[in-house]
Structure formats: C-alpha cells, structure tokens
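Single-structure report; data block below.
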Amino acid sequence: MTDSLLPPALVALATRVVDENRAAGRRIAVAESCTGGLVAAALSDVFEAGFVTYADEAKTTLLGVSPDVVQTFGAVSLATAWAMANGALTRSEADVAVAITGIAGPAGGSDRKPVGTVVFARARAGEEPDDALTDQRLFENKGRAAIRLQAALCALELLLPDAAAP
C-alpha cells in the first residue's frame with residue numbers, strides 16, 4: 001500500500017486499518033466532504049464504497065441526508081455527519097462507515113465554525129442508527145493540507161475494529 005502521493009503517517013495508519021479490518025472480516029465505506037477522498041485513497045482490499053460529497057445536494061442525493069438536517073444544522077454538524085455515516089452504511093455492503101465533514105479552508109470559516117472545524121461520525125452494521133458515534137474537532141489552522149491530513153487520520157482511527165470514542 002506504499003504510495004508516494006500519500007503522506008507516510010496516512011499510509012501507516014491505513015495499513016493498520018486494512019490489516020485489522022481484514023482480520024475482523026469487515027468491509028469499509030467512507031463518506032467524505034472536506035477530505036475529498038483522502039481516506040478512500042489510502043484504503044485497499046477492505047474498502048467497499050466511497051462517497052465524496054462536497055455539495056449539500058450530493059449529501060442529499062447520494063447519502064440520503066435530509067435537506068432539513070443540512071438547512072437546520074449546517075453541512076458541518078454532528079447531525080449531518082451522523083446522517084452521512086448512516087447513509088454510507090445503508091447504501092453499501094459495508095460493515096462500518098465513517099463520515100467526515102468540515103471546513104479545511106482556506107476560506108469558508110466563521111466565528112462559530114472556524115477553519116479547522118471537522119465533524120466525524122461512525123456507524124456500524126448491526127447497531128442501531130442512534131448508536132452511531134459522533135465527534136467534533138477543531139484542528140489548528142496550519143493550512144488546508146494539514147487539516148485534511150489530520151481529519152483523515154482521525155477518520156482512519158475510527159475505522160479500527162476496537163476503536164472507541166475519540
């Protein structure tokens with residue numbers, strides 16, 4: 001899984017995620033917004049499906065996120081990430097799905113949701129949708145690439161079979 005286009009830390013963690021999920025017999029789906037497919041690019045044989053949904057309409061059409069959720073809470077919210085993760089899980093044959101939505105910059109931030117705000121959710125097959133894990137982080141704004149990398153690493157950690165809440 002070595003690929004010179006991906007940062008070594010991402011490749012190392014993705015290798016662990018692939019190995020542990022392969023051993024657990026689990027398939028993975030991802031729903032990415034601010035990372036633009038970075039997590040999907042790092043995965044291999046346990047990868048089932050990926051959805052890169054920057055636009056709100058794509059979140060609605062491809063993942064089944066209710067327009068009311070996006071309108072009420074915003075695209076970068078726990079509710080939207082939860083809906084994205086559950087949508088990726090139900091629209092694939094995966095056993096686990098992770099969703100990432102956030103503001104990687106350089107623009108788009110606000111006082112309430114500054115650049116570096118990233119929201120995650122993880123849903124697992126066989127669990128109640130309401131049991132999906134959600135988390136919000138504020139990464140230091142060291143540029144778009146750094147925020148995307150930190151978000152991808154957090155998402156990969158959530159895909160480890162024994163991962164608990166961050």
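The values are calculated or read from the model by the stated rules, or taken from the named source; none is laboratory data. Quantities reported herein were computed from a predicted structural model and do not represent experimental measurements. Virtual Cβ from ideal backbone geometry, glycine too; neighbours counted across all protein chains shown. Accessible surface areas use protein heavy atoms only, side chains included; no ligands, DNA or RNA. Shrake-Rupley method; radii C 1.70, N 1.55, O 1.52, S 1.80 Å.
The requirement of being open to solvent by 30 Å² or more (accessible area, probe 1.4 Å), at negative phi and at pLDDT below 95 is not satisfied by residue 95.
Residues that are of a type in the set (Phe, Trp, Tyr): find the helices (runs of 4 or more DSSP H) completely inside the stretch 26-108 holding 1 or more of those.
Numbers: elements: 38-42, 56-63, 67-73, 78-90.
Those helices (runs of 4 or more DSSP H) span 67-73, 78-90.
Within the stretch 26-37, not a single residue is open to solvent by 30 Å² or more (accessible area, probe 1.4 Å), touching a residue at least 12 places away in the same chain (Cβ under 8 Å) and polar (S, T, N, Q). The C-beta contact set for the stretch 47-58 (first residue under 21 Å from residue 159 (Cα atoms), second residue open to solvent by 50 Å² or more (accessible area, probe 1.4 Å) and of a type in the set (Gly, Ala, Ser), distance under 9 angstrom, 6+ apart or interchain) comprises 50/41. Inspect the stretch 143-158 for any residue being over 20 Å from residue 40 (Cα atoms) and out of contact with any helix residue (DSSP H, G or I) (no Cβ under 8 Å at 6 or more places or on another chain) and give the result as yes or no. Scanning the stretch 143-158 turns up at least one residue that is over 20 Å from residue 40 (Cα atoms) and out of contact with any helix residue (DSSP H, G or I) (no Cβ under 8 Å at 6 or more places or on another chain). The condition (being among the acidic types (Asp, Glu) and more than 18 Å from residue 160 (Cβ to Cβ)) is satisfied by just one residue among 57, 32: 57. In summary, residue 134 fulfils each of the numbered conditions (1) within 14 Å of residue 10 (Cα to Cα); (2) touching a helix residue (DSSP H, G or I) at 6+ places or on another chain (Cβ under 9 Å); (3) of a type outside the set (Phe, Trp, Tyr) with the single exception of condition (1). Within the stretch 114-147, if we keep just the residues that are touching a strand residue (DSSP E or B) at 6+ places or on another chain (Cβ under 9 Å) and part of a helix (DSSP H, G or I), the residue that is surrounded by the most Cβ atoms within 10 Å (Cβ to Cβ) turns out to be 147.
Does the stretch 35-53 hold any residues that are more than 13 Å from residue 99 (Cβ to Cβ) and not small (Gly, Ala, Ser), and which are they? If the condition is that a residue be more than 13 Å from residue 99 (Cβ to Cβ) and not small (Gly, Ala, Ser), then 38, 43, 45, 46, 47, 48 are the ones that fit. Output the number of residues of the stretch 3-24 satisfying the condition of being open to solvent by 30 Å² or more (accessible area, probe 1.4 Å) and within 20 Å of residue 35 (Cα to Cα). Summing the residues that are open to solvent by 30 Å² or more (accessible area, probe 1.4 Å) and within 20 Å of residue 35 (Cα to Cα) in the stretch 3-24 gives 9. The residue pairs whose first member lies in the stretch 137-150 and is over 14 Å from residue 37 (Cα atoms), whose second member is polar (S, T, N, Q) and open to solvent by 40 Å² or more (accessible area, probe 1.4 Å), and whose beta carbons are closer than 9 Å, counting only pairs six or more residues apart or on different chains, are 137/150; 139/150; 140/150; 142/150. From the list 63, 89, which one is open to solvent by less than 20 Å² (accessible area, probe 1.4 Å) and modelled with pLDDT of 95 or more? Only one candidate passes the filter, namely 63.
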